[in-house]
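K.L.:
Take a look at the following structure, please.
The values are calculated or read from the model by the stated rules, or taken from the named source; none is laboratory data. Quick caveat, the model's predicted, so the values are computed rather than measured. Heavy atoms of the whole protein, side chains included, go into the accessibility calculation; ligands, DNA and RNA do not. Shrake-Rupley method; radii C 1.70, N 1.55, O 1.52, S 1.80 Å.
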Amino acid sequence: TGCKKTGETVAAPETGELNDDTLRVISYNILEGMKNDRAKNYDNFVAWVKSYDPDILLLQEANGFTQESLQRLAARFGHPYVLTNLKATDNYPVAITSRYPLESRRRVTLNVSHGAIFAKLSDRNLNLVVTHLWPQNYWHQQGDGLGNDYRLQEINTVLDSTIRKFPQESNWILAGDFNSVAAKDYEAGNTANSYVVTNAIESAGFTDAIHFLHGYKQKSPNSVTNSFTYLFTYPGRRIDFVYAT
């Protein structure tokens, strides 16, 4: 998501030079380290990123990448700054690549499945957080149905380590794969879904940026997914979000 208006053309700044008018951010779950593009040396991915020319990439499932190999890949689309969240107990790390210098503030790894990275855009008063919450409907064991409880614990850990810990800092972006749905995507009174994760995020001061910029619900939900159709294209139900203060 970005703050660029439709039809507006903004020249990309030189690497390392901050453009105060525009910041383009993409959050993307790249599916097990872009396994479908690995045999082609990630050429399709690099071309895709270049076509959108983001300033920041917030990645989930950076499987198989090391700090060094992700730096080499990011350099191909003009992002010299890279932060990874590699940990021995998880194969699905998150990562940030950037056109601009990043200040690493915290890597959240305890009491979470895939963790989070908390960083600051060094040349701007803006905090960035990327995370990926637990994908299953169980927690401790198959069939216990505690997946939402675990995801709520995870997001509270992330929020406690970031925006709640630094309430005096007002500019934040929180994005990733939350494996959760939002109440505003469904009919009022729908009890089939749990909204505890997304409600906690909004209660902490975040706004769903995609919905804020583009989301106008049609009167009737999709008969298959029971979710609303928006003026922007979004197939299926939303479980990936970009939030901002």
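K.L.:
Give the accessible surface of segment 133-208 per residue, rounded to a whole number of Å², with probe radius 1.4 Å and ligands, DNA and RNA excluded.
P.N.:
On the way: 3520 Å² over 76 residues.
Result: 46 Å² of accessible area for each residue.
K.L.:
Note down the relative contact order for segment 99-159 as a percent, whole number, built from C-alpha pairs under 8 angstrom at least six residues apart. All intermediate terms of the calculation are to be shown ahead of the outcome.
P.N.:
Working: 99 pairs, mean separation 16.0, N = 61.
About 26 percent, as a whole number.
K.L.:
Follow-up. How much of the accessible area of segment 66-153, in percent, comes from carbon and sulfur atoms when a 1.4 Å probe is used? Don't skip to the end; give the middle numbers.
P.N.:
Values: 1830 of 4020 Å².
That fraction is 46 percent.
K.L.:
Give a residue-ordered list of calculated ³J(HN,Hα) values for segment 94-107 (Karplus: 6.51 cos²θ - 1.76 cosθ + 1.60, θ = phi - 60°; whole Hz; x for Gly, Pro).
P.N.:
So the Karplus estimates, Gly and Pro as x, are 9, 7, 10, 10, 8, 6, 10, x, 10, 9, 6, 9, 6, 10 Hz.
K.L.:
Please give every one of the aspartates and glutamates within straight-line cross-link reach of residue 165, meaning a C-alpha to C-alpha distance under 19 Å, and leave out same-chain neighbours fewer than 8 residues apart.
P.N.:
Cα-Cα hits under 19 Å: 103, 154, 202.
K.L.:
Remind me, relative contact order of segment 54-94 in percent, using alpha carbon pairs under 8 angstrom and six or more residues apart? Present the calculation step by step, with values, prior to reporting the outcome.
P.N.:
On the way: 36 pairs, mean separation 20.4, N = 41.
Relative contact order comes out at 50 percent.
K.L.:
Amide H neighbours of residue 29 under 5 Å, counting only residues 5+ apart in sequence or on other chains, H built in-plane at 1.01 Å?
P.N.:
60
K.L.:
Please go through the residue pairs 35/87; 35/184; 50/184; 50/87 and name each one whose alpha carbons sit more than 31 Å apart in this structure.
P.N.:
35/184; 50/184
K.L.:
To the nearest µm²/s, what D does Stokes-Einstein give for segment 143-221 at 4 °C and 1.567 mPa s, using the Kirkwood radius over alpha carbon pairs as Rh?
P.N.:
Numbers: Rh = 14.1 Å.
After rounding, the answer is 92 µm²/s.
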